[in-house]
Structures are given as structure tokens and as C-alpha cells.
Amino acid sequence: MSARRVLLFALVLSFFMFPGCGEKEEPREEADKYCFVYNGIEIVPGEDIAPVIAALGEPTSYYEAASCAFEGLDKIYTYGGVQINTYPDGEVDRVLSVVLLDDACLTPEGVGIGSDVEAVIAAYGNEYTSTENSMTYMRGDTELKFILRDGCVSSIQYYDISSGTD
């Protein structure tokens, strides 16, 4: 095999072996909540984290602490550029929030850190509330918040607003 073919094979193989959160995913058909898709796995605020952890495997980092708002432990799982915060709900740990930490991750609609306000509006529409440095979209009992700096997205945060902690 020539060096060129080996290189091409290695590039194609790496494309399939390392799917990250940078690819655009199709939006969730069920439009009752906002969700984030990481490595093909939907992460939905308010839902049980156990199936997500089972599908994604070992996080790159993990932290837990006694919850100030609930009985039990709040837990933080980090996978690459995605932080998932959970809260205890009886015997179940639920997704409280999903925070995108770097520009390698895109929302299912194609918006990422560094996108401008116009890209956010093009993807999500004009039905949002805003402050000087944020745009917030609501869907069901979820919230999708874009933190802005100099007209560009600096953070993206999905929240479960039914938990009462937002």
C-alpha cells in the first residue's frame, strides 16, 4: 500500500473513530424540550442521566457534592467539551443542565461558541427573552440560554426549569 493510501485510510478511519460534538445533528423530532446531542446520544434536561452515562461511558472528569437544594448528591460529569450537571430526585439522578465548554460542540441546530447573534436567531427564531449579555429560549420545561460577549456566543447552557433551581 502506498504512503498516500495509508494516510487516506488513516484519515477516514479517524473520522469514524472519533465522532465528537462538533458535527451538526438533526434536531429532536419531539419538540417538547430542548436537548443536546453528544456522540449521537440525546441529553435532555430533566431526564434520568443513567442511560446517558451508560451510553457515553467513563467521563473525562467527575465531581460530586452534597446538594444544597435536594436530598442527596449533585453530580457533575464532563465529556470533552460538555459538562452535565445532575440533581437527585429520589432514587434517580436527573439532568439539571448541560453546558457547552468549547467551540468544538454545536447545538443540534448548528450554533456553537463563537457564533454571532444573527446565527442564533436564524436557528432558533425571534421568540426569546434577552438581557444585555444573554438570549434565552423556552420550550416546555427546558431553557436554552446563549451567553453573549461582544455580539458572539461565549457559552451555551441547557436547563431543566422544572427542578425549581433555575
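The values are calculated or read from the model by the stated rules, or taken from the named source; none is laboratory data. Just so we're clear, the structure is a prediction, and the values are computed from it rather than from any experiment. Note that we place each Cβ from the backbone using ideal geometry, even for glycine, and neighbour counts take in every protein chain shown.
The table that follows gives values for the structure above.
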quantity: Filter result (of a type in the set (Gly, Ala, Ser) and either in a helix (DSSP H, G or I) or more than 16 Å from the chain's Cα centre (by Cα) (or both)) within the range 110-139; calculated: Ala119, Ala122, Ala123, Gly125, Ser130, Ser134
quantity: Residue match in the range 140-163 (condition: buried (at least 18 other Cβ atoms within 10 Å of the Cβ), modelled with pLDDT under 95 and not charged (D, E, K, R)); calculated: yes
quantity: Restricting the range 142-161 to residues that are acidic (Asp, Glu) and in a strand (DSSP E or B), the residue that is nearest to Leu106 (Cα to Cα); calculated: Glu143
quantity: Of the criteria (1) in a strand (DSSP E or B); (2) at pLDDT below 95, which one Arg28 fails; calculated: (1)
quantity: Qualifying residues in the range 46-74 (those that are β-branched (Val, Ile, Thr) and either touching an Asp or Glu at 6+ places or on another chain (Cβ under 6 Å) or part of a loop (DSSP other than H, G, I, E, B) (or both)) - the one surrounded by the most Cβ atoms within 10 Å (Cβ to Cβ); calculated: Ile49
quantity: Residue count for the range 90-116, restricted to those that are surrounded by fewer than 20 Cβ atoms within 10 Å (Cβ to Cβ), over 16 Å from Gln157 (Cβ atoms) and either of a type in the set (A, V, I, L, M) or at pLDDT 95 or above (or both); calculated: 4
quantity: Residue within the range 34-43 that is surrounded by 14 or more Cβ atoms within 10 Å (Cβ to Cβ), in contact with a strand residue (DSSP E or B) (Cβ under 9 Å, 6 or more places away or on another chain), at pLDDT below 95 and more than 28 Å from Gly164 (Cβ to Cβ) present; calculated: yes
quantity: Residues of the range 141-160 that turn out to be without any contact (Cβ under 8 Å) to a residue 24 or more places away in the chain and closer than 27 Å to Ser67 by Cα, as a count; calculated: 2
quantity: The range 119-140 residues that are touching a residue at least 40 places away in the same chain (Cβ under 8 Å), paired with ones that are assigned to a loop (DSSP other than H, G, I, E, B) and surrounded by fewer than 12 Cβ atoms within 10 Å (Cβ to Cβ) (beta carbon under 6 Å, 6 or more apart); calculated: Gly140/Asp32
